[in-house]
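The values are calculated or read from the model by the stated rules, or taken from the named source; none is laboratory data. Model, not experiment: these values are computed from the prediction. Every residue, glycine as well, gets a Cβ built from its backbone with ideal geometry; the counts of neighbours run over all protein chains shown. SASA here: full protein model, heavy atoms, side chains in, ligands and nucleic acids out. Shrake-Rupley method; radii C 1.70, N 1.55, O 1.52, S 1.80 Å.
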Amino acid sequence: MAKIKVKFVCTECGTESPKWMGKCPGCGAWNTMLEEAETVVKAPVGRGELTRAKEKAKSIIDIESGREPRVPTGLNELNRVLGGGLVPGSLLLVGGDPGIGKSTLLLQTSNALASQGLKVLYVSGEESVRQTKLRADRLGALSDKLFVLCETNLDLIEQAITDVEPDFLVIDSIQTVYRPDVASAPGSVAQVRECTAHFMRISKVNGVATVLVGHVTKEGAIAGPRLLEHMVDCVLYFEGERHHSYRLLRAVKNRFGSTNEIGIFDMTEGGLREVTNPSELFLSERPLGVSGSTVVASMEGTRPVLVELQALVAPTHFPSPRRMSSGLDHQRISLVIAVLEKRMGMFMQNQDAYVNVAGGVKLDEPAADLAAAVSIASSFRDLPTKPYDVVFGEVGLTGEVRAVSRAETRVKEALKLGFKRVILPEMSMKGWQPPAGIQLIPVKTVADALRAALE
Ligand code: TYD
Ligand code: MG
């Protein structure tokens, strides 16, 4: 009898090893090496494989440039994240926690594309045809060009693709699909990798824009989409808090556009609705005239977004005070607190500090530093901030306020939403004309900013 060879594969990065290891030698993650039966797959298909026979290396001057053709999806927020629309023949991965709304997003997208006259095949391995139909009824996604298939066998899915000849294909989700000639279970690293390679070939050869849905799960035999990130053209994450209705779509990899843009949606009874004025949404629950709350003008890609940044500084009896932040980098909060302690004489060794960006938004640019400093100082001194102020600027280690990009765009957004004053770095004042109707307070140091904001 033939002996089945066994190998161990990391669920995070796909590194293989002949023996079990507690720590993955590839990515260093613990407890991610899972046992798998080794299988021989007939012809592994890679990107090179497709073109090798036809193409020779060319001088870069001879290669035609010209832009990738784009198909707008009908959802502007999705188009923005994709960099203008879907590229035919591209392979996308949409990841996100279970229940966040991936199937809803893709069914809506499928419907929007089908109403433009494109043929769409939606393959669901998780829900029955009836369940999908119920969802489609709810979303009003009923177009005669939208085909639904509930199948997990890759051969049968391929058969359906040949029959339908779709322009847009959705596989919901990649973890449920299996190739009968690969011995391991659906969702295992080998299956997910082989199936993805297969869909890559289908999308490139037939020019079908393909979306794979992947669950983000750390434990168990389900391969995290991390492994797939290398294989696809575009990786989108759909995120949000279960208890909030809005959802953010962000690109972490995009071969056809930037990865800075985010798309914002609101999950309603009738499906996902696009949020075109995110600042209004994020500021809708803001308390006025309290201490510890500041509005920051942040850039999400090319779009300015105003969000509320809250801080609470409260005495503690424990020797090492807590520093908690959500939506902001922990390191930057430590830095801002250190600057306030050293440069402003605010001693917080016996104070816990909590910083939170309202609405589950993540601010990953240093322009949020100054707003964090104002919020923390406001809570520490228990002085309310002014309700009609917007603050932005990077804080340096000597307590100086450093320039940030796109000051003009941020100021205009503040003006549009009816704010009266903007506290901003003096160094960001160059090269543009301040608009009328809003007072600008250029500052050089954190001390200047606190004086303007709190006194
Ligand atoms: P779903 O798209 O099934 O999530 P995923 O595919 O990421 O697992 O979304 C599930 C949640 O969305 C579920 O809690 C119900 C909610 N929902 C709405 O609020 N409105 C709707 O119109 C739809 C279709 C779903
Ligand atoms: Mg789903």
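Cross-link check: pairs 420/444; 19/253; 58/145 evaluated at a Cα-Cα cut-off of 29 Å; pairs beyond the cut-off: 19/253; 58/145. Only one residue of 264, 442, 384 has its Cα farthest out toward the positive end of the dipole of the chain, where Lys and Arg carry +1 and Asp and Glu -1 on Cβ, and that residue is 442. Once backbone amide H atoms are built at 1.01 Å from N, residue 352 has 314, 316, 322 as its partners under 5 Å, excluding neighbours fewer than 5 places away on the same chain.
If you take all other residues with their beta carbon under 15 Å from the beta carbon of residue 329, and give Lys and Arg +1 and Asp and Glu -1, the sum is -1.
Shape of the range 76-276 from its Cα gyration tensor (a ≥ b ≥ c, root eigenvalues): rounded if a/c is under 1.5, otherwise prolate when a/b > b/c, or oblate? It comes out rounded by the Cα gyration axes. In this structure the amide hydrogen of residue 209, modeled in the peptide plane, comes within under 5 Å of the amide hydrogens of 89, 90, 169, none closer than 5 places in sequence on its chain. Applying a 4.7 Å Cβ-Cβ cutoff to the chain, the cysteines left without a disulfide-compatible partner are 150, 195, 234. Here's the picture: a label point sits 7 Å out from the Cα of residue 420 along the beta-carbon direction, and within the range 272-302 the residues with their amide nitrogen under 13 Å of it are 289. For the range 320-327, putting each phi into the Karplus relation 6.51 cos²θ - 1.76 cosθ + 1.60 with θ = phi - 60° gives couplings of 10, x, 7, 10, 10, 9, 10, x Hz, in residue order, rounded to whole numbers and with x for Gly and Pro. One chain, two ends: residue 447 and residue 318. Fully extended at 0.36 nm per residue, the span grows by 43.5 nm beyond their Cα-Cα distance.
Restriction of the trypsin sites (Lys or Arg not before Pro) in the range 55-142 to DSSP coil positions whose beta-carbon has at most 14 other beta-carbons within 10 angstrom yields 56, 58, 67. Computed over Cα pairs, the Kirkwood radius of the chain leads via Stokes-Einstein (0.890 mPa s, 25 °C) to a diffusion coefficient of 99 µm² per second.
Taking trypsin sites (Lys or Arg not before Pro) across the range 351-455, the ones in a DSSP loop with at most 15 further Cβ atoms lying within 10 angstrom of their Cβ are 420, 430, 444. For the range 309-401, applying the loop criterion from DSSP together with a ceiling of 11 other beta carbons within 10 Å to the chymotrypsin sites (Phe, Trp or Tyr not before Pro) yields 347.
Counting Lys and Arg as +1 and Asp and Glu as -1 over every other residue whose Cβ lies under 11 Å from the Cβ of residue 24, the net charge comes to -1.
Within the full protein context, the accessible area of residue 163 is estimated at about 110 Å² for a probe radius of 1.4 Å.
Rounded to the nearest 20 debye, the dipole magnitude of the range 126-233 is 280 debye, with +1 charges on Lys and Arg beta carbons, -1 on Asp and Glu beta carbons, and the Cα centre as origin. Length gained on full extension, residue 383 to residue 285, computed as 0.36 nm times the residue gap minus the Cα-Cα distance: 33.3 nm. In the chain, the DSSP beta bridges split such that about 50 percent are antiparallel, to the nearest 5. Dipole check for the chain: with +1 at the C-beta of Lys and Arg, -1 at the C-beta of Asp and Glu, and the Cα centre as origin, the magnitude is about 720 Debye.
In the chain, taking the dipole from charged Cβ atoms about the Cα centre, the farthest positive-side position among 309, 86, 198 is held by 309. When shorter helices are ignored and each DSSP H run of at least 4 residues is given -39500 (n - 2.57), the per-residue value for the chain at 222 nm works out to -8000 deg cm²/dmol. Helix 407-416 and the longest principal axis of the Cα set of the chain meet at an angle near 80°. Calculate what fraction, in whole %, of the accessible area of the chain sits on carbon and sulfur atoms when a 1.4 Å probe is rolled over the protein chains. For the chain, the apolar C and S fraction of the accessible surface comes to 53 percent.
Rounded to the nearest 10 degrees, the inclination of helix 330-344 to the longest alpha-carbon principal axis of the chain is 10 degrees.
Projecting the Cα atoms of 276, 237, 297 onto the charge dipole of the chain (Cβ charges, centred on the Cα centre) puts 297 farthest toward the positive pole. With protein chains left intact and a 1.4 Å probe, residues in the range 312-407 average 47 Å² of accessible area per residue. Rolling a 1.4 angstrom probe over the protein heavy atoms with all chains in place gives the range 76-276 an accessible area of 39 Å² per residue.
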